Amino acid sequence: MTDAHALTTSSPHTALRTAVRGRVWLPGDDGFDEARLPWNRAVDQPAAAVVEAADADDVAALVRYAAVRGATVATQPNGHGATGRTRDAIVLRTGRLDSITVDPAARRALIGAGVRSGALQAAAAEHGLTALPGSSPVVSVTGVVLGGGLSWFGRAFGWVADSVTAFDVIDAQGRPGHVTSASDPELFWALRGGGGDYAVVTALEIALHPAPEAYGGRVLWAGEHTAAVVDAYRALTADAPDELTAWLSLAQLPGADPVVAVDVAYLGGELQGRALLAALDALPAPIADTRQPLSVAELGSVTGDPTEPAAGLSRTELLTALDDDAVRTLLGKPLAPLVGVQVRHLGGALARPSDSPHGPLTEPYAVYLFGLPLGPDVAAAVAARQAELAAELPTSGRKPVTFLAPHESLADALGAASLERLRALKADRDPRGVLRSNFPVHG
């Protein structure tokens, strides 16, 4: 008998092979170590088993299996947002739940839990509609919703979760349910930004928004123009309409010269979009300018986010201002050991009332600090620089759930009242802890 065979047959979860119809990986199986990996390869993600569910019934079968055996299920459509809090858990992949049905008359889409943002955008664009996409086309919409969700059009329509009208779920006993604000207001509230600790979402219904025209792209300059670009960015965002979103990016990859970019998305036509962005045209000649009329299906390509798994170290903070002191902090030292700093303009509808665990996002900007863990010493230097910037910038002390770093918790994002309410819901719906999210409500 081979060592691998011995490991497989001795696993406490060998019965999974008959309990579910989807694919199962157990320790010792070929492909197990690959199957358990998260999207961010810098995160170590242990697992007792990995299951790729065939459909919603398969999800229910797995949860019933876990509930009977005192096991834990950690759900991840494709591993984005993983924190490594999966020891002894069965990692559930819901990527195969990828159906999309668009009702253009009702401006609604019913999507499976594994649907990626880019796929939903492509389906909505066929009808002159848009969902609320972020910078990456490969993140799951459900994962974004469970963390509240920021998007290119958040200034116009609020949190991504604010557009959700219903969830299909499997509860901690393995029973299916349909959740709306009327049928189960407490769970509906929790799933729109409080994480996935209370039920497994297998599908959701989300409102779509009119998008007859869109305009956007990236303008990229050499690093020597950074100060001028930052000044123009501050002027641009000081009075931007809610339909316009602009993100500022400072970048310097190892061995490359520094660059600065402004990424924009405007829910409107080219003529007005160019007029709103006139401050950028007054700057020195850019290295590249990709602004053009866009299909909303193309928004995921604006920033060029990686679409394949890789290792990275990130930290996000919400800024109470992007004033002169904040700019001096950001530009006062070389970017290294970081490779990127992104400032996102918020405000607009994001700052208005929201019946969600986070509530309104009143801070005007978010800053995302990113580095590469190129060895232990570099990783430590990246973390130290991130902490230094966070201490010196005018931060509010909280952050969006979807931007939490692996070592952080829901308490770093949500207020005490929301946390208490979520913990009460967890105790009521899953007292035995059958379900475990990336950021457990008690973690």
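The values are calculated or read from the model by the stated rules, or taken from the named source; none is laboratory data. Computed from a predicted model, the values in this text were never measured in an experiment. Using ideal geometry, Cβ is built from the backbone for each residue, glycine included, and neighbour counts are taken over all protein chains shown.
So is residue 157 in contact (Cβ under 8 Å) with a residue 12 or more places away in the chain, surrounded by 24 or more Cβ atoms within 10 Å (Cβ to Cβ), more than 25 Å from residue 85 (Cα to Cα) and aromatic (Phe, Trp, Tyr) or not? Working first, answer last.
On the way: in contact (Cβ under 8 Å) with a residue 12 or more places away in the chain: yes; surrounded by 24 or more Cβ atoms within 10 Å (Cβ to Cβ): no; more than 25 Å from residue 85 (Cα to Cα): yes; aromatic (Phe, Trp, Tyr): yes.
No: the conditions fail for residue 157.
Based on what the data block shows, is residue 164 free of Cβ contacts under 8 Å to residues at least 60 places away in the same chain, under 23 Å from residue 122 (Cα atoms) and touching a helix residue (DSSP H, G or I) at 6+ places or on another chain (Cβ under 8 Å)?
Details: free of Cβ contacts under 8 Å to residues at least 60 places away in the same chain: yes; under 23 Å from residue 122 (Cα atoms): yes; touching a helix residue (DSSP H, G or I) at 6+ places or on another chain (Cβ under 8 Å): yes.
Yes; evaluated as a whole, the condition is true for this residue.
Can you go through 2, 14, 75 and tell me which one is of a type in the set (Ser, Thr, Tyr) and modelled with pLDDT of 95 or more? Can you show your working first?
Values: 2 fails: modelled with pLDDT of 95 or more; 14 fails: modelled with pLDDT of 95 or more.
Going through 2, 14, 75 in turn, just one is of a type in the set (Ser, Thr, Tyr) and modelled with pLDDT of 95 or more: 75.
Identify, from the list 300, 304, the residue that is modelled with pLDDT under 95 and in contact with a helix residue (DSSP H, G or I) (Cβ under 9 Å, 6 or more places away or on another chain).
Working: 304 fails: in contact with a helix residue (DSSP H, G or I) (Cβ under 9 Å, 6 or more places away or on another chain).
Result of the check over 300, 304: 300.
Of all residues in segment 168-181, which are more than 20 Å from residue 427 (Cβ to Cβ) and part of a strand (DSSP E or B)?
Residues of segment 168-181 more than 20 Å from residue 427 (Cβ to Cβ): 168, 176, 178, 180-181.
If the condition is that a residue be more than 20 Å from residue 427 (Cβ to Cβ) and part of a strand (DSSP E or B), then 168, 176, 178 are the ones that fit.
Considering only residues of segment 190-216 that are surrounded by fewer than 20 Cβ atoms within 10 Å (Cβ to Cβ) and in contact with a helix residue (DSSP H, G or I) (Cβ under 9 Å, 6 or more places away or on another chain), which is nearest to residue 274 (Cα to Cα)?
Within segment 190-216, the first condition is being surrounded by fewer than 20 Cβ atoms within 10 Å (Cβ to Cβ), and the residues that meet it are 205, 207, 209-210, 212-213.
Then drop every residue that is not in contact with a helix residue (DSSP H, G or I) (Cβ under 9 Å, 6 or more places away or on another chain), which leaves 207, 209, 213.
Numbers: 207: 29, 209: 22, 213: 13 Å.
Checking each candidate, the answer is 213.
Identify, from the list 97, 120, the residue that is crowded, with 17+ Cβ neighbours inside 10 Å, within 22 Å of the chain's Cα centre (by Cα) and assigned to a loop (DSSP other than H, G, I, E, B).
Working: 120 fails: assigned to a loop (DSSP other than H, G, I, E, B).
Of 97, 120, the one residue that is crowded, with 17+ Cβ neighbours inside 10 Å, within 22 Å of the chain's Cα centre (by Cα) and assigned to a loop (DSSP other than H, G, I, E, B) is 97.
Have a look at 15, 35, 54, 66 and point out the one that is surrounded by fewer than 15 Cβ atoms within 10 Å (Cβ to Cβ) and aliphatic (A, V, I, L, M). Spell out the reasoning first.
Working: 35 fails: surrounded by fewer than 15 Cβ atoms within 10 Å (Cβ to Cβ); 54 fails: surrounded by fewer than 15 Cβ atoms within 10 Å (Cβ to Cβ); 66 fails: surrounded by fewer than 15 Cβ atoms within 10 Å (Cβ to Cβ).
Answer to the check: 15.
Yes/no per residue for (1) at negative phi; (2) at pLDDT 95 or above; (3) surrounded by fewer than 18 Cβ atoms within 10 Å (Cβ to Cβ); (4) not in a loop (DSSP other than H, G, I, E, B):
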position	(1), (2), (3), (4)
397	no, no, yes, no
408	yes, yes, yes, no
418	yes, yes, no, yes
437	yes, yes, no, no
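Do we find that residue 436 is over 22 Å from residue 303 (Cα atoms) and outside the structural domain of residue 238 (by TED's automatic domain parsing) in this structure? Before the answer, list the steps.
Working: over 22 Å from residue 303 (Cα atoms): yes; outside the structural domain of residue 238 (by TED's automatic domain parsing): yes.
For residue 436, the condition - over 22 Å from residue 303 (Cα atoms) and outside the structural domain of residue 238 (by TED's automatic domain parsing) - is met.
Could you please let me know if residue 415 is farther than 30 Å from residue 344 by Cα and either in contact with a Gly (Cβ under 6 Å, 6 or more places away or on another chain) or not β-branched (Val, Ile, Thr) (or both)? Before you say what the answer is, go through the steps one by one.
Working: farther than 30 Å from residue 344 by Cα: no; either in contact with a Gly (Cβ under 6 Å, 6 or more places away or on another chain) or not β-branched (Val, Ile, Thr) (or both): yes.
So residue 415 fails the test.
Which of the residues that make up segment 123-134 are in contact (Cβ under 8 Å) with a residue 60 or more places away in the chain and either crowded, with 23+ Cβ neighbours inside 10 Å or hydrophobic (A, V, I, L, M, F, W, C) (or both)?
Within segment 123-134, 124, 125, 129, 130, 131, 132, 133 qualify.
Results for (1) closer than 30 Å to residue 371 by Cα; (2) touching a Ser or Thr at 6+ places or on another chain (Cβ under 7 Å), shown as yes or no for each residue.
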| position | (1), (2) |
| --- | --- |
| 186 | no, no |
| 197 | yes, yes |
| 205 | no, yes |
| 212 | no, no |
| 219 | yes, no |
| 235 | yes, no |
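In the set 83, 72, which member is surrounded by fewer than 24 Cβ atoms within 10 Å (Cβ to Cβ), within 30 Å of residue 310 (Cα to Cα) and either of a type outside the set (Ser, Thr, Tyr) or more than 22 Å from the chain's Cα centre (by Cα) (or both)?
Details: 83 fails: either of a type outside the set (Ser, Thr, Tyr) or more than 22 Å from the chain's Cα centre (by Cα) (or both).
Selected residue: 72, the only one of 83, 72 that is surrounded by fewer than 24 Cβ atoms within 10 Å (Cβ to Cβ), within 30 Å of residue 310 (Cα to Cα) and either of a type outside the set (Ser, Thr, Tyr) or more than 22 Å from the chain's Cα centre (by Cα) (or both).
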